[in-house]
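So the structure is just underneath, and the comments pick up after that.
The values are calculated or read from the model by the stated rules, or taken from the named source; none is laboratory data. Note that this is a predicted model, so its numbers are computed, not measured. With ideal geometry, Cβ positions are generated from the backbone for all residues, glycine too; neighbour counts draw on all protein chains shown.
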Amino acid sequence: MPSLPSLLLVFSRFMSLSEWDRIGMFERETALYRRLSGRGVRIGFLTYGGSEELSFASRLPDISIYPNHFGLSPRRYERLLPLLHAKAFWQADIVKTNQVSSVYAAMPGARLWRRPLIARQGFLPSDFAARQHGAGSVQHLQEDQLERRLFDRAHSITVTTQAMAEDIARRMPRHERVIQIVPNYVDTDMFAPNAAVLPEYDVLFVGRLTEQKNIPSLLKALSTTRAKALLIGNGPQAELVKSAVSESQGRIDWLPTVPNGDLPALMARSRLFVLPSLWEGHPKTLLEAMACGMAVIGAKSPGIQSEIEHGRTGWLCPPEPLAMAEAITHLLESGDLRNALGSQARLRILSDCSLDRVVELELDIYQQLLKAPA
């Protein structure tokens, strides 16, 4: 093996650079790999996009892009991918999934070309399915089976939180020794306090407009506080937000999509960040808001309450309208408390979730795999 490893990242099922760019996530999703490339790791992106993916080469000058330039349907491309991109797998020292759904392409390719496999997941689909559809539901069992298939083949299982690590170890104890925690990262140079900007909004929310995010409760809380709010995101509950905007008499603004690189400026223009979700994995926008030195309010929900130390790095409250309204009002009336919470929140992200720290954690895993016996 060469001293500097070669990593092949297999994108989530049917995902592409073009889609990352369309939804404003390109810079965030590629930041880690651009930084690793600068450290000497040779990176390849295996995507589901077509030949248009190659147009991103100028933005990823040292990263190889392997798209579906064969004109195949997504599913046929996926089935043939280990052969179509044999060179990419052969040149890689390590194959890595981006989420669990990468299993359909990453696992066969890693097995065929006998490459170590990192099973990376920012959240556990089985956990989300159990919370949304019920433990033992068809959806839950399907996701659990998919995770087991992936983890059975993986040489390293990387998760973003301790809770995820414990979940996998409980369900699949034989894999406990290869589980490693690599938190979601934040570019703390980009997501940083900006005291020169005057706040325009009292409350900021960023996220998908789905049942999980508890949007109706947030809207009801906002209607009772009279706070001026900016909501960023799109999804199945967009109509609820549209109605709230029209009824708010200018107190609620809504932006369906914002590039990730524009979020720091919007965070600087907001006094509070609120995440009312019923459950989360390791919420990136919460971490980014904390890195910006914002006072954050989070629901006492799985995936959120583990990230906030109540009264020190943020404020926790039940995911109910009245409790959220009371928390918003309290913090809007307490400028010194907001400042203290924001300062401690940034220190916590600098310590635990900075991009530099995650780069070192990734490099350690790569070196472990390269040193392991074949």
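Side notes on the structure shown:
- Enumeration of residues in segment 249-306 that are among the polar types (S, T, N, Q) and assigned to a loop (DSSP other than H, G, I, E, B): GLN249, THR257, SER277, SER301, GLN305, SER306
- Close pairs from segment 263-277: first modelled with pLDDT of 95 or more, partner crowded, with 24+ Cβ neighbours inside 10 Å and acidic (Asp, Glu), Cβ under 7 Å, at least 6 apart: LEU263/GLU288
- If the condition is being crowded, with 21+ Cβ neighbours inside 10 Å and assigned to a loop (DSSP other than H, G, I, E, B), then segment 157-181 contributes THR160, THR161.
- Residue ID - surrounded by the most Cβ atoms within 10 Å (Cβ to Cβ), chosen from residues in segment 288-339 that are under 25 Å from the mean Cα position of the chain (by Cα) and polar (S, T, N, Q): THR313
- All positions within segment 169-201 that are in contact with a Leu (Cβ under 6 Å, 6 or more places away or on another chain) and under 25 Å from GLY250 (Cβ atoms): TYR201
- Verdict on VAL95 being among the aliphatic types (A, V, I, L, M), crowded, with 21+ Cβ neighbours inside 10 Å, within 24 Å of ALA372 (Cα to Cα) and within 18 Å of the chain's Cα centre (by Cα): no
Residues checked against (1) of a type in the set (S, T, N, Q); (2) outside the structural domain of TRP20 (by TED's automatic domain parsing); (3) within 15 Å of the chain's Cα centre (by Cα); (4) not in a loop (DSSP other than H, G, I, E, B):
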| residue | (1), (2), (3), (4) |
| --- | --- |
| LYS87 | no, no, no, yes |
| TRP90 | no, no, no, yes |
| GLY109 | no, no, no, yes |
| ARG115 | no, no, no, no |
| ARG120 | no, no, yes, yes |
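- For segment 347-374, the set of residues classified as β-branched (Val, Ile, Thr) and either in contact with a Pro (Cβ under 9 Å, 6 or more places away or on another chain) or farther than 18 Å from ASP93 by Cα (or both) consists of ILE349, VAL358, listed by residue number.
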